Every structure is written in structure tokens, then in C-alpha cells.
1. For the peptides 375-383, 299-307, 188-196, what is the packing order when you average, over each peptide's residues, the other Cβ atoms within 10 Å and list the highest mean first?
2. Give the Debye-formula value of log10 I(q)/I(0) at each listed q (0.12, 0.15 Å⁻¹), with one equal scatterer per alpha carbon of segment 71-196, two decimals each.
3. Taking Cα pairs under 8 Å and at least six residues apart, what relative contact order does the chain come out at, in percent?
4. In Å and from the alpha-carbon atoms only, list the Rg and Dmax of segment 49-112.
5. If you average the sequence gap of Cα pairs under 8 Å that are 6 or more apart and divide by the length of segment 224-335, what percent do you get for the contact order?
6. Just to be sure I understand: of the beta bridges DSSP finds with both ends in the chain, what percent are antiparallel, rounded to 5?
7. Mind checking Rg over Rh on the chain, alpha carbons, Kirkwood formula for Rh?
8. Using the count of nearby Cβ atoms within 10 Å as a rough guide to exposure, how do 260, 40 rank from fewest to most?
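Rule-based calculations on the coordinates, nothing more; no lab input. Quick caveat: nothing in here was measured; it's all calculated off a predicted structure. Every residue, glycine among them, receives a Cβ derived from its backbone with ideal geometry; neighbour counts consider all protein chains shown.
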Ligand SMILES: *Cc1c(COP(=O)(O)O)cnc(C)c1O
């Protein structure tokens with residue numbers, strides 16, 4: 001038998017207990033589907049927007065329409081949605097490097113930023129091309145018990161503070177993701193203290209988890225990856241930036257060149273995939289969240305610490321599980337990989353990823369390389385050996401993969417006795 005009786009019995013229990021929680025997730029997915037659909041109707045998306053363009057691609061109507069659509073759905077004035085962004089980090093860095101100037105200060109209000117963003121900032125050392133190398137100042141407000149230190153915000157915002165960065169998702173940490181209500185309160189507090197301070201949200205993994213997005217509740221600009229939530233598992237690559245028109249324009253001069261901005265950039269053959277992925281995204285995100293909830297239920301029953309807890313309301317699609325040893329982390333990832341549609345025969349191994357400080361292990365048998373809206377797990381090889389599980393194009397696949405991971409971790413335990 002593929003999975004032990006213990007695992008299959010637990011599965012039934014967890015699914016039974018999850019039913020009422022799933023109803024809420026399905027309701028959010030329906031509301032967001034309507035939101036996207038309404039915007040597609042208002043923008044009059046049509047077949048002509050899926051045509052290919054090449055070269056400079058001036059007047060690329062598909063590209064323009066897609067950006068109009070993103071802006072509408074995210075309640076923003078303007079958007080840049082491009083496959084020329086190589087990743088989420090690239091889109092986020094484009095915001096920072098496009099807007100900040102020497103002598104300006106950036107303040108992270110959510111403590112230490114995501115690993116790759118530390119390299120962009122020049123956090124530990126002013127790495128070549130980093131903000132610090134350009135003379136941008138940096139400060140941060142540590143989180144308290146996994147939450148933003150609301151009372152401390154007024155102490156870190158100075159006349160030099162041009163921008164605050166707010167990271168919605170947990171990243172590789174055991175803190176809570178921010179809810180939309182949290183982001184609303186934080187941006188209101190920042191704007192109360194310094195009305196012209198730019199509130200920038202790293203929205204990676206947060207899109208469509210709730211019925212509103214950060215730019216609808218006070219954020220001035222935000223960015224994310226198309227191989228996470230908003231690409232719906234269909235976008236082959238890319239990133240997005242949405243927000244205030246003047247700020248998105250500044251970012252566009254960094255993406256292309258001063259004077260060129262967003263008027264160039266061939267969408268090649270990708271437009272249909274970006275529209276279709278965006279349309280599917282609310283549903284795919286709901287599948288991923290159901291998978292995360294199922295994982296939390298399974299591993300909580302197996303005695304592991306999970307964040308969020310099975311019953312917590314979610315702010316991102318990530319499920320963290322504290323596995324406690326390198327062997328279990330490797331076994332867990334091996335179990336996920338084994339039940340992947342692609343590269344199921346591969347055994348994931350820890351490696352030095354560009355931009356990350358510790359070795360990282362990743363299980364990702366995905367159709368799009370590294371796409372973490374597809375079912376995947378990863379974690380840095382450092383105590384307490386947390387695994388971060390996310391994605392799932394279908395809930396059914398997430399369930400099977402989690403059973404595989406649970407079995408591998410149990411087998412790992414058994415072999416050590
Ligand atoms: C994924 C992610 C990023 C960007 O990572 P890429 O791999 O470059 O797309 C940035 N911040 C957070 C919180 C993330 O989860």
C-alpha cells in the first residue's frame with residue numbers, strides 16, 4: 001500500500017474537521033472570481049489582446065489591456081505587468097531602485113526582509129548594485145511576537161524616510177503574515193505621521209487570499225511575482241507592479257530606461273497566458289490554501305508545530321511546519337517531490353541559491369521552473385528546520401503530496417528508532 005493506515009485514517013479526520021473552514025475559502029474564491037470577471041468585462045478583454053508582438057512593441061494592445069486589468073482589479077492607478085521581470089525580487093527591486101535616491105531612507109516595518117531583498121538592500125554588506133552602495137539609507141522596526149510594532153512606527157519614521165516596506169507574507173520566518181486589516185492600520189499610521197511617505201507592500205503570496213488587496217486599503221505601490229498567485233499557474237514567468245501612477249512610472253524607467261518607461265516591451269506569445277492565468281488565479285489560490293490547511297491539520301495531528309494553526313484565518317498561501325531536524329526536512333521534501341507530476345524521480349538536495357544566505361532545499365516538480373503557486377516545499381537548512389509549503393494547482397494534488405510528505409517523515413522517524 002502506498003500510504004499507511006495511520007496516514008489514511010488521519011486524512012479522513014482532517015478532511016472532516018476542515019469542512020467548515022473550506023466554506024470560507026470557497027466564498028473568497030467566488031468573490032475574487034467575480035472581481036476579476038467584472039474587471040475583464042469593463043476592460044472589454046477580447047481575442048485581439050492575445051496576439052503576439054515583437055521588437056520594440058510600441059502600442060502593444062494586449063500588454064496595455066493586461067496592465068489596465070491588473071490596475072482595476074488591484075484598485076490602483078497604473079500597473080506594469082511584464083514577462084521581462086525575471087522574478088518577484090526583480091519587480092520589488094525595480095520599485096526600490098526606481099524610486100529611492102541617494103540620501104533617502106527606506107524603513108522595513110516588518111523586521112528583517114525576505115532573504116533576496118536583503119541582498120537588494122545590501123543588508124549585511126553593501127553588495128554590488130545594492131541600495132546601500134547607491135547611498136540609500138536603511139533602517140528597520142523589529143516585529144514583536146510575530147506582529148508589527150504599531151506603537152514603534154512613529155519612532156523610526158524620520159524626515160529622511162522616503163519609503164516604508166511592508167512584507168505581507170511570512171517569508172522564511174515563523175511570524176504571522178499580515179492581514180488586509182493589519183496593512184490598512186499600518187499604512188494609516190504611516191500616512192498620519194508623514195503623509196508623503198510611500199507605503200510599499202511586498203505582496204508576494206498574498207494576492208487573492210482576501211477580498212481586498214493592499215493597494216485598496218492604503219498602500220501606495222506594491223509588487224509581486226507572476227509565478228506565484230496572480231499568474232494562476234499558467235503565466236510562464238514575470239512580475240507585476242501596481243500603484244500610484246507617478247510611482248509606477250518611476251519604476252518603469254528602471255525596468256527599461258529613462259525616457260522609455262512602459263511604452264516598449266514585446267509580449268511575444270505570452271499575453272493569452274497572462275490573461276488566462278489571472279482569470280484562474282482566484283480559484284488556484286483557493287486550491288493552494290485548502291492544501292495548506294490540510295497540511296496544517298495532518299502535521300498538527302502528527303505532533304508538529306504548524307504556523308498558521310489549522311483553524312487560523314490565512315493571510316498568505318504559505319504553511320510553515322517546524323520539523324526539528326535536517327533529516328526530516330530532507331525527507332519531507334523528498335515525499336513532496338515523489339508525488340510531483342514533473343521530475344518525480346529526482347531527490348531534492350540542499351544547495352546554495354543565488355541571493356539566499358543559507359543552503360536551501362526545494363521540492364518542486366513543477367511545469368514552470370520554480371513556480372511556487374504550483375505545489376512545492378522549501379526551507380533553509382537552519383534550525384529549527386522549518387519547511388515552508390505552498391501552492392497546488394489542484395487541491396487533490398496537494399492532498400496526495402502531503403500524504404507523501406507525511407509518510408516520508410514517519411518513515412524517517414521509524415528508521416531512526
Ligand atoms: C517569493 C518572494 C519574493 C520574491 O522571490 P522570487 O523568488 O524572486 O520571486 C519576495 N518576497 C517574498 C515575501 C516572497 O515570498
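1. In descending order of packing, they fall as 375-383, 299-307, 188-196.
2. -0.47, -0.76
3. Reported as a whole number, the value is 18 percent.
4. 15.2, 44
5. So the answer I get is 20 percent.
6. Working: 27 of 43 bridges.
Looking only at bridges with both residues in the chain, the antiparallel portion is about 65 percent.
7. My calculation of the ratio gives 0.97.
8. Starting with the residue having the fewest Cβ neighbours, the order is 260, 40.
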